[in-house]
Amino acid sequence: MTTPAEWAQRESHTFDRNVIAEIRRAANTGIYRIRGWGAKRDLPTLDDLVVLGASMSRYPLEGYRESCGTDVVIGEATSAKPVRLDIPITIAGMSFGSLSGPAKEALGRGANAAGTSTTTGDGGMTQEERVHSKTLVYQYLPSRYGMNPDDIRNADAIEVVVGQGAKPGGGGMLLGQKITERVAEMRSLPEGIDQRSACRHPDWTGPDDLEIKIIELREIVDWQVPIYVKVGAARPFYDTALAVKAGADAVVVDGMQGGTAATQDIFIEHVGIPTIAAVPEAVRALRDLGVHREVKLIAAGGIRSGADVAKAIALGADAVSIGTAALIAIGDNDPVYEDEYRQLGSTAGLWDDFQAGTDPAGITTQDPGRMARLDPMIAGRRLANYLQVLTLETQTIARACGKSHVHNLEPEDLAALTVEAAAMAKVPLAGTGWIPGQ
Amino acid sequence: MSSSASTVLDFQTASLREINQTLHDETTGSFTIVNPRGAHAVAAGIDSDIQVEIDGPVGYYCAGMHQRGSVVVKGNASTGLAENMMSGTVRITGNATMSAGATACGGLLVIEGNAGSRCGISMKGADIVVGGTVGHMSAFMAQSGNLVVLGDTDSDLGDSIYEARLFIRGDVASLGADCIEKEMREEHLVLLTELLSKAGMAAEPRDFKRFGSGRKLYNFHVDDIDAEVARRTEA
Ligand SMILES: Cc1cc2nc3c(=O)[nH]c(=O)nc-3n(C[C@H](O)[C@H](O)[C@H](O)COP(=O)(O)O)c2cc1C
C-alpha cells in the first residue's frame, strides 16, 4: 500500500528523473548532448514479428543437408565488375577518424573471412582498409573529406550517402579530441577543431541532379563498379523510388535505430522512422517500379541476430548492413575494461561516448595507446565468427520455412505480435488475417 | 605546344561514353571535342597529361575530378564545373553556373566570365580565379586554397569558412558567418600576383581585399557553471 506521504513524493511522468537531469546538464553547459551509438529508447523492432515456419501446407528443408543459398550480387545490369557477396550481411560505413586504424583493419579481416564487404566513411579511404578489405565500398558523402578519384577507381562499389538512420537530414560530426594530425590532414582541416560536416552535397540537390551525378561517377570509373544510394529512413517509399530513378544499383535504407559515431542525442532519438516501418515501404517502391530483387535493397539499423536478418529479407530486403553489432563483435564495451568504463562514469555495455576519443577498447579512438590494445587479427576472427553465426541463424530460419535460398523468404512467412507492427510491416497480426489499413 | 594536329571527338558521331573512354585511354596528345550541346560529365575523370578543348557549352560536371593535363571550355558550363579537381588546369571562356570548383583539392580553375552561387564551396586546396562576379554562398565551408574574384560577390561570402583565402576586387554584398576581412600582407600580395599571372588576368593586387576565417566557429563553446560555482564556494 502506498502511504499518503509516498504518494505526495511520486515521480512526475512528464518530468521524470532523466528529463530533470538533462535539463540541469543543458543549463550547466549550454550545449546539446552529443554521443555515439543509436537510439536507446523503446522502439518497435523486428522482435515484434515472428516467423511462421513450416507446417502441413509447406515442408522444411533439412539443416546442413539441403542447401540454402545466401549469396547476393549487386550491379550486374550496369557494371563490368558487379559486387558478389557470399552472405547477405555487409559491414556498414564507418569512417577512419571515428574508428581507429586497427578497428578498420579488424572489420576488413572479419568481412573477408566471411565473404562480405566493408565500407569507408566520412573521411576517405585509408590504406589499412583498402589492403585488408577484399570488397570495399567507397562512400561519397556531402563533406567529401579525403575524396579523391584514385580511391574511387580503387573501390569495388560507390555508395552515395544522402543520409543516415541516426540523423536523416544531419551531417557528420567529429569532435576535436579525435581530429589528430593524420585525421586533420586526410580531411584538409585544422587539427583539433570540432568538425561539423555538411549535410547536403555541394554540387547537387534533388533526384534529377543525382541522376546526373551518378552518370558522372560511372563515367569516371568507366562503368566498372556498382553505385549504391544510402538514405536515412524518413520517407522510404519516395526516397527509394527516386534513388531507383536516379540509377542506383542498390538502395541502403537505414532505420532510426542505426548507430552513429557522434550526433546530437535529440537527433538520434527523435528523427526518422524505425527499420521495421522503413523496409516494407522501400520494398513497395521497388515492386511498384518492377525492380524488386533487381535493384538491391540493403536494410540497416538495429540488426543484431540471424532472426533480424531473416525477417528483414522476408520483408523484401536483399541484404542487411551492420554497424553497432560489428563493433560489439570486435570488442566494443568489452567487460575486461570495466574499471576504465567506471572511471569514465559508465559501465561496460552502456558506454556510448564514441565522440570522446577515450574508448578503452581502442575502437572509437585515435589515441595511440588505446588503439594498440585492439589486436586486429583476434578482433577480425571474432567478427568472422559473429558473421558466421548470423548466417547460420538466417539459414536455420529460411530452411524452417522450406526455402532453398534466403531470398525466397517472403512476407507470407511472417506474422506480427502487435497491431502497430502489423500496420508498419504490413503482415497480419498473429492468429488473424488482419493487416491494419488493408 | 606540339605541332601535331588535335584529334577531333564529335558528339554527333560518338557517345559520351566513347568520348570519355578515349580521353581515359590516351596518355598524350590533344583533343578537340565538338558539338557538346550541353552534355553532362564531358571530360570527367581525366588522369593523364592530355590537352582537351571543348568547343561549345557543356552541362553538369564538366572536367569533374580532373587530375592532370588541361581542359579548356570555349563556352558556358552548368553545375559542378571541375568539381573536386585534384591538379592540372581547367579554364572556361564563358560563365559557369552553380558550385564551380566545389570541393576542389588542387590545380587551377580559371573562369573568365562569371560564376553562379556556391563557387568554391568546400574547396580543399585548389586555386580558383574568376574574371567576373560570383554568386551567393561562394566559398561556403571553404577549407583551404585560394579564391580570387575580380568582380563583385553576392551575399554570404565565405560562410563558415575554414582556412581558405579569399581575394576580392569588387564589392562584397555581405559576409557569411565567421568570415572576416583580413589584413593584406606582403606575402598575400606576392601570392595574389602569382595567381593572377598563372590565370592570365591583368589586375593590380593592391586593389583587392582579403577575407578569411574569424575562427570563432572552430570549437563548441562548452560552459561549466557548476564548476565555477564550486570554485567560488571554495574561495
Ligand atoms: C562508429 C560509427 C561510425 C559511423 N560512420 C558513418 C559514416 O561515416 N557514414 C555513414 O553513412 N554512416 C556511418 N555510420 C552509420 C552506419 O553506416 C550504419 O548506418 C549504422 O551503424 C547501422 O545501424 P546499426 O549500428 O544499428 O547496425 C556510423 C556508425 C557508427 C556506429
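Please treat every number below as a calculation from the coordinates, not as lab data. What you see is a predicted model; the values in this text were computed from it and never measured. Don't worry about glycine lacking a Cβ; one is built from the backbone with ideal geometry, like all the others, and counts go over all protein chains shown.
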When the charge dipole of the protein assembly as shown is computed with +1 at the Cβ of Lys and Arg and -1 at the Cβ of Asp and Glu, the Cα pointing farthest to the positive end, of A:355, A:12, B:168, is that of A:12
The size of the Cβ-based charge dipole (Lys, Arg +1; Asp, Glu -1) of the stretch A:301-438 about the Cα centre, to the nearest 20 debye, is 400
Share of Cα-Cα pairs in the stretch B:40-79 beyond 17 Å, whole percent, is 18
Rounded to the nearest 0.05, FRET efficiency between residue B:231 and residue A:343 (Cβ-Cβ, R0 22 Å) equals 0.45
For the protein assembly as shown, the charge dipole (Cβ of Lys, Arg +1; Cβ of Asp, Glu -1; about the Cα centre) points to a positive end, and the Cα of B:150, A:330, A:282 closest to that extreme belongs to A:282
Percent antiparallel among DSSP beta bridges confined to the protein assembly as shown, nearest 5, equals 20
If the chain between residue B:174 and residue B:198 were fully extended at 0.36 nm per residue, the gain over the current Cα-Cα distance would be 5.8 nm
The size of the Cβ-based charge dipole (Lys, Arg +1; Asp, Glu -1) of the stretch B:65-198 about the Cα centre, to the nearest 20 debye, is 560
Relative to chain B, whose Cα atoms define the longest principal axis, helix B:225-234 and its Cα axis are tilted in degrees, nearest 10, by 30
Expected max-MSF residue from A:112, A:408, A:18 in the GNM of chain A (alpha carbon, under 10 Å) is A:18
Going residue by residue through the stretch B:88-101, the Karplus relation 6.51 cos²θ - 1.76 cosθ + 1.60 with θ = phi - 60° gives ³J(HN,Hα) values, rounded to whole Hz and with x marking Gly or Pro, of x, 10, 10, 10, 10, 7, x, 9, 10, 7, 5, 6, 5, x
Expected vector for the stretch B:35-41, Karplus 3J(HN,Hα) from phi with 6.51, -1.76, 1.60 and θ = phi - 60°, integer Hz, x for Gly and Pro, equals 6, x, 6, x, 5, 8, 6
Those helices of chain A passing the 15 Å axial Cα length cut-off and the mean Kyte-Doolittle cut-off of 1.6 (DSSP H runs only) are none
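Taking 0.36 nm per residue of sequence separation and subtracting the Cα-Cα distance, how much length would be gained by fully extending the chain between residue B:55 and residue B:12, in nm to one decimal? If you can, show how the numbers build up before the last one.
Working: separation 43, 0.36 × 43 = 15.48 nm, distance 1.30 nm.
Between residue B:55 and residue B:12, full extension yields an extra 14.2 nm.
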Taking only Cα atoms of the stretch B:3-234, the Rg to Rh ratio with Kirkwood Rh works out at 1.11
Residue separation between residue A:199 and residue A:419 times 0.36 nm, minus their alpha-carbon distance, gives in nm 75.7 nm
Residues whose built amide H sits under 5 Å from the amide H of residue A:260, excluding neighbours closer than 5 in sequence, are A:37, A:38
Of A:77, A:329, A:400, the most mobile residue in a GNM of chain A (C-alpha springs, cutoff 10 Å) is A:77
For the residue A:151, residue A:385 Cβ pair and Förster radius 35 Å, calculated FRET efficiency rounded to 0.05 is 0.70
Beyond 18 Å (Cα-Cα) in this structure, taken from A:40/A:167; A:104/A:167; A:81/A:134; A:104/A:134; A:230/A:426; A:134/A:178, we find A:104/A:167; A:230/A:426; A:134/A:178
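Rounded to the nearest 0.05, what FRET efficiency do residue A:65 and residue A:408 give with R0 = 25 Å and r taken as the Cβ-Cβ distance? Could you check?
Working: r = 17 Å, r/R0 = 0.70.
Calculated value: 0.90.
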Here Rg/Rh (Cα, Kirkwood) for the protein assembly as shown equals 1.01
Counting lysine pairs in chain B that sit 8 or more positions apart or on different chains, with Cα atoms under 24 Å apart, gives 9
Sequence order, the stretch A:340-353: Karplus ³J(HN,Hα) from phi using 6.51 cos²θ - 1.76 cosθ + 1.60, θ = phi - 60°, Hz rounded, Gly and Pro as x, gives 6, 4, 5, 4, 8, x, 9, 8, 4, x, 10, 5, 9, 7
Of the candidates B:229, B:31, B:107, the farthest towards the positive dipole end of the stretch B:3-234 (Lys/Arg Cβ +1, Asp/Glu Cβ -1, centred on the Cα centre) is B:31
Listed by chain and number, the residues whose amide H is under 5 Å from that of residue B:33, excluding neighbours fewer than 5 places away on the same chain and using placed H, are B:9, B:53, B:54, B:55
Cross-link reach from residue A:403 to aspartates and glutamates, straight Cα distance under 20 Å and at least 8 residues apart if same chain, gives A:62, A:66, A:71, A:86, A:294, A:308, A:318, A:393, A:412, A:413
For the stretch A:36-425, the percent of all C-alpha pairs falling in each 10 Å bin, from 0 up to the bin holding the max distance, is 5, 25, 36, 25, 9, 1, 0
For the stretch A:119-198, percent of DSSP beta bridges that are antiparallel (nearest 5) comes out at 40
Between the Cα axis of helix B:16-25 and the main Cα principal axis of chain B, the angle (0 to 90°, nearest 10) is 80
